[in-house]
Structure formats: structure tokens, C-alpha cells
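Okay, structure first, notes after.
The values are calculated or read from the model by the stated rules, or taken from the named source; none is laboratory data. Keep in mind it's a predicted model, so treat the numbers as computed, not measured. Every residue, glycine among them, receives a Cβ derived from its backbone with ideal geometry; neighbour counts consider all protein chains shown. Note: areas computed on protein heavy atoms with side chains; ligands, DNA, RNA excluded. Shrake-Rupley method; radii C 1.70, N 1.55, O 1.52, S 1.80 Å.
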Amino acid sequence: MAHTLTTSTRDLLQRPAALPLFVGAVAIVVYLGALANRFAMDDLPLIVQNPLVASWSGMWRAFAAPLWPPDMGGAMYRPLPLATWALDQRIDGAVWFHLVNLLWHAGAAITVAALARRLADDRTGLVAGVLFAVHPVHVEAVANVAGRSELMAGVFVVLAVIAALQWDSIGWSAVFWALGMLCKENAVVLPGLVAWGWLLSLARPSRRRMLLYLASWVAVGALYAVVRTMALHRYEGFSLAPIFFEAPAGAIRWTALAALADVARLLVFPLTLRADYSPDERTLILSPFDGRVALGLACFAVWATLLVLTWRRGRKIEAYGIGWIGIAFSPVANLLYPVGFLVAERTLYLPSIGLVLAAGAWLARLPRWPILLAALAVLGGIRTALRVPAWRSNFTVTLHIMDDSPRSYIGPKQMIGVYMDFRRPDKALEAARSSVAIFDRDPTVFVTAAVAAFASGRSPVADSMLTRLHGLCQQRCPGYYRWMAGIARRRGYPEAADSLLTRIPRTP
């Protein structure tokens with residue numbers, strides 16, 4: 001059996017076209033279940049309820065619009081995924097949207113394999129590509145259509161790295177980097193990834209070439225900043241993660257350090273997956289002496305130790321991969337600045353590339369590497385395939401949140417919509433109260449609860465919910481009213497929608 005596996009692997013590596021085809025096929029096979037998925041969670045406001053996606057013009061209007069609809073604050077600038085969703089809508093329904101996601105993930109796995117192959121050898125390329133294709137932490141990004149921004153950004157960032165470190169092409173690297181940032185903001189780490197490769201001598205451009213690269217980065221970065229500012233200047237700025245609302249800066253840092261334990265577990269041993277890491281599933285840490293901070297620091301120490309050891313021992317690919325993890329994770333780590341979430345599995349898509357590069361280079365040196373790779377591929381593929389149906393619909397995701405993160409306020413919040421869909425506004429109001437009892441700083445809970453109260457004939461309760469809403473949403477209040485009224489109308493509650501619209505506060 002072992003001899004047969006080794007022979008098959010040797011045959012695969014001897015055919016140049018076979019490696020990308022095999023890696024791409026593995027990436028698609030483990031996610032075939034996603035073709036049965038519909039739209040869930042962020043898919044609803046970003047795709048189903050988004051007027052930009054509903055028209056042909058959305059494909060070009062996306063470049064002058066925010067990712068999130070204006071009534072929801074108009075945050076973020078990711079025009080390329082938005083444009084692809086508008087195109088998808090012209091072609092077919094949910095199955096097509098998910099198929100396109102699978103193709104982007106296959107493309108990402110192939111580019112990762114190509115990068116590892118160029119940095120090391122065919123064997124490392126195979127191992128890295130397969131491990132990336134089946135890694136369970138990618139399920140949220142692949143099986144939920146809204147995760148396409150992660151997939152597209154991953155493809156373009158890897159292509160930009162290949163263009164810089166292997167082709168030494170300033171122009172192509174700049175083009176791919178620009179495309180990556182138009183998919184998601186975390187592609188901004190590309191200069192750090194290239195510079196890290198130079199530091200490890202994975203490429204040796206002259207000082208003049210380095211200065212030209214630097215000039216291209218400044219030019220592309222400045223142009224991106226201008227375009228992004230022009231598209232978003234009319235809209236409200238970015239909001240904090242719920243767990244960080246009104247938290248002191250020190251508490252944000254301690255909480256972020258503790259979250260490194262979650263990140264390490266999800267990258268190395270992703271057996272337990274969650275769609276949500278909100279309060280009170282994860283709570284704010286107020287003291288650096290909390291044991292959770294020590295655990296996070298221990299994970300950081302292990303990462304730093306591995307980085308130093310691989311660097312000193314001349315294991316350049318392993319060192320590059322380990323460094324990649326830290327560079328790619330830095331924009332979403334809440335350590336340099338707070339972001340809109342504590343932990344989100346989809347954001348580990350780009351950092352995980354570093355993990356598989358390092359693991360691929362290490363595993364490929366072992367005597368029985370084909371057997372070990374097969375075992376990891378089977379285990380990872382099974383876990384991934386079993387997790388994909390969790391994203392089948394908004395209802396299934398809600399059930400998994402209730403089961404996986406029972407202390408989180410998001411579970412009962414999601415149940416508000418589920419009960420409304422089942423024509424049980426009374427139960428929806430109960431779910432809203434349960435959510436507020438856990439965490440009372442999310443304005444969307446109060447506006448949704450108000451619709452449930454109107455639908456169940458309890459106008460005074462609705463007014464009290466809206467009063468609490470006004471204490472949180474400030475200038476965004478009218479947008480919340482319009483957004484939720486539209487959802488209520490689509491769910492079959494026109495009277496509740498009208499009641500909500502008549503109470504839109506007048507702005508001075």
C-alpha cells in the first residue's frame with residue numbers, strides 16, 4: 001500500500017500539469033456540499049437585499065459604492081467581490097454563487113501550490129496545495145458567499161508575491177496587489193510579505209529594484225487610498241466589535257492577546273469551529289494577569305520561537321511561512337488597532353497560507369510524507385465536508401451558533417429572524433429579550449425587536465425598544481429604520497414596516 005502510494009505520488013509530480021489539476025480538484029471535491037447551500041448571514045444584506053447586486057449596473061457602480069448598503073453605515077470598500085455578485089445574479093441563483101466561490105478557492109489552492117513549488121520543489125508544492133485545499137478553517141470563507149472577498153484577495157496576494165519574488169516583475173506585482181486590495185483591505189500586507197522574502201534571501205533584487213518596488217507600492221497605495229476615500233467619504237466610519245464597545249485601550253489589547261489562543265487552535269487543530277465569537281462566548285479581559293492572556297502570550301512565544309529557530313537553521317521556506325502568518329494576521333489581530341470583530345474564522349484564510357507553506361516544507365522532508373499527507377488530507381477533508389452544511393441557510397447557521405456558542409448573544413439575536421419567518425413574533429420578542437439580557441449594546445437587536453413588537457400588536461414595547469435604539473445608533477438611526485422596514489416588508493409584515501417608518505427620527 002505504501003509503495004503504491006509513493007509510486008502514484010511520484011507519477012503525479014513528474015507531470016507538470018497534473019499538480020495544479022490535482023490540487024484544484026481536491027479543493028472542489030471537499031466543498032461539493034456547498035452547492036446545496038443557499039444564502040446565510042452576511043449574504044442576506046450584501047447580496048439578497050442589496051439593490052446594487054440586483055441590476056446590471058451594479059457591476060460598474062460597485063467601484064463607487066461601499067460594500068455594505070448605505071442604510072447599514074456604508075462601511076468598507078470591496079468593489080470586485082460586489083461586482084462579481086452582480087454578475088452572478090445575471091447568470092443564476094444560489095448554486096451558481098456557490099460554484100463561483102468553489103472555483104475561487106480552487107484557484108487559491110493552485111496558486112499556493114505554485115508559490116510553494118517555486119520557492120522549494122514539486123513535493124512541497126503538492127503538500128502545501130493539498131493542505132490548503134482541505135483546511136477546515138476555510139469553511140466559513142468558502143461555504144458562505146460573502147466570504148468571496150477572502151478568496152479573491154488570497155488569490156491576488158499570492159500572485160503578487162510570485163510576481164515579485166519569482167518573476168521580479170514590478171508591474172505585475174503592483175497590478176495583482178491593486179486587485180487584491182479591491183477585494184479586501186487585508187491585502188495591504190503584500191509589501192511586508194515581499195520584504196520578508198527579501199530578508200530571507202528568497203529573492204535578491206538590486207537596491208535600485210527594491211527602490212522601484214517601493215515607489216510602485218507608494219503609488220498604488222496612494223491611488224487606492226484616494227479611490228477608497230472618494231467612494232466612502234459620504235458614509236459613516238467603521239464601528240468597533242461589540243466586545244470592545246466603550247472598552248479601555250488596555251482591555252482591548254489584553255483581549256486580543258488572549259484571542260491568539262483561538263487563532264493558534266484554529267490554524268493547527270481546527271476540530272471545533274464556530275460561526276461566532278461574540279459576548280458572552282468571549283468576554284472582555286480587563287487585567288493582564290488573567291490566565292487567558294497568559295495562554296495567548298504562550299501561543300505567541302511558540303510562534304516567535306519557531307520563527308527564530310527556522311531562521312537560524314537556514315530553513316528559509318519554513319521561516320517564510322511562519323513569518324507570513326504574523327504579517328498576514330496583523331491587520332485583523334486587534335493589536336495594532338481595533339477592528340470590527342474579535343475572532344472570525346474567515347479572516348484566517350490569508351494567514352493560513354503561511355501555515356501550509358511552513359508545514360509543506362517540513363512535511364515534504366519526512367521519509368513517509370505521502371502517507372502523512374494522505375492522512376492529513378482525509379482528516380481535514382472529512383472535517384471540512386461535515387462543516388459545510390452548517391452554512392446551508394440562515395436557519396442552519398443559527399442552530400449551529402446556538403449549539404457551538406451557547407453563551408453568545410448572537411444566537412438569540414438570529415432567532416428573532418427565525419421566529420419572524422415562522423410567523424411567531426411573540427417568540428421573536430422573547431428571543432430579543434434573551435439577546436439583550438446577554439449584551440445590550442447592539443442597536444440591530446433593538447430595531448429588530450421593535451418590528452417583532454409591532455407585529456405582535458405591542459406598540460408600547462416597540463417604542464421602548466426604539467428609545468433604547470436611539471441611545472446607541474446616533475446619526476445612523478434613520479438607516480436602521482429603513483433597513484429593517486425593508487426586511488419586515490419582505491418577510492410579510494407590511495404593517496410593522498409602516499409603523500417603523502412613521503417613527504423615523506428627524507435629523508437636524
Neighbour-limited loop hits for trypsin sites (Lys or Arg not before Pro), the range 212-258 (at most 14 other Cβ within 10 Å; DSSP other than H, G, I, E, B): Arg234
Accessible solvent surface per residue of the range 343-395, calculated while the other protein chains remain in place, 1.4 angstrom probe, Å²: 38 Å²
Residues Arg204 and Asp290, FRET efficiency given R0 of 35 Å [Cβ-Cβ distance, rounded to 0.05]: 0.15
Equivalent ellipsoid semi-axes, the range 361-485, via Cα gyration tensor eigenvalues times 5, rooted, Å: 44, 16, 11
Per the chain, cysteines lacking a partner by the 4.7 Å Cβ criterion: Cys183, Cys299
On Cα atoms only, tilt of 425-438 relative to the major axis of the chain in degrees: 60 degrees
Gyration tensor verdict on the range 306-411 (Cα atoms; rounded if a/c is under 1.5, prolate if a/b is larger than b/c, oblate otherwise): oblate
Protection proxy ranking of 98-108, 390-400 - average other beta-carbon atoms within 10 Å, highest first: 98-108, 390-400
Estimated distance in nm for a label pair at Trp60 and Leu21, the labels positioned 7 Å out from Cα along Cα-to-Cβ: 3.9 nm
Vicinal HN-Hα couplings computed from phi for the range 350-360 (Karplus, 6.51 cos²θ - 1.76 cosθ + 1.60; Hz; Gly/Pro x): 5, x, 5, 4, x, 4, 6, 5, 5, 5, x
Top positive-direction residue, dipole computed over the chain with Cβ charges, set Ala27, Leu193, Gln49: Leu193
Global geometry of the range 108-178, whether rounded, prolate or oblate, following the gyration tensor of its Cα atoms and the 1.5 cut on a/c: oblate
Carbon plus sulfur fraction of accessible area for the range 388-497, probe 1.4 Å, in percent: 52 percent
Cα→Cβ-extended label distance, 7 Å offset, between Ile91 and Arg234, nm: 3.0 nm
Residues of the range 444-476 with amide N under 13 Å of a point placed 7 Å along Cα→Cβ from Glu495: 453-459
Cα long-axis angle, helix 316-329 against the chain (0 to 90 degrees, to the nearest 10): 10 degrees
Solvent-accessible surface (1.4 angstrom probe) belonging to His470, in square angstrom, nearest 10: 80 Å²
Theoretical ellipticity at 222 nm over the chain - DSSP helices of four or more residues, -39500 (n - 2.57) apiece, nearest 500: -21000 deg cm²/dmol
Summed side-chain charge close to Ala450 - residues other than Ala450 whose Cβ falls under 12 Å, Lys, Arg +1, Asp, Glu -1: +2
Peptides 335-344, 118-127, 307-316, 27-36 ordered by average Cβ neighbours within 10 Å, highest first: 118-127, 27-36, 335-344, 307-316
Hypothetical label at Leu223: residues of the range 172-205 whose amide nitrogen lies under 20 Å (7 Å Cα-Cβ projection): 172-192, 194
Integer Hz, Karplus 6.51/-1.76/1.60 couplings in order for the range 92-99, x for Gly and Pro: 6, x, 4, 4, 5, 4, 6, 4
Computed lengthening from Arg265 to Asp403, 0.36 nm per intervening residue step minus Cα-Cα distance: 47.8 nm
Computed FRET value (nearest 0.05) for Leu103 with Ala375, which takes r as the C-beta separation and R₀ as 41 Å: 0.90
Acute angle (nearest 10 degrees) that the helix 369-387 long axis makes with the longest principal axis of the chain, alpha-carbon atoms: 10 degrees
Gyration tensor (alpha-carbon) shape descriptor, the chain, a/c threshold 1.5: prolate
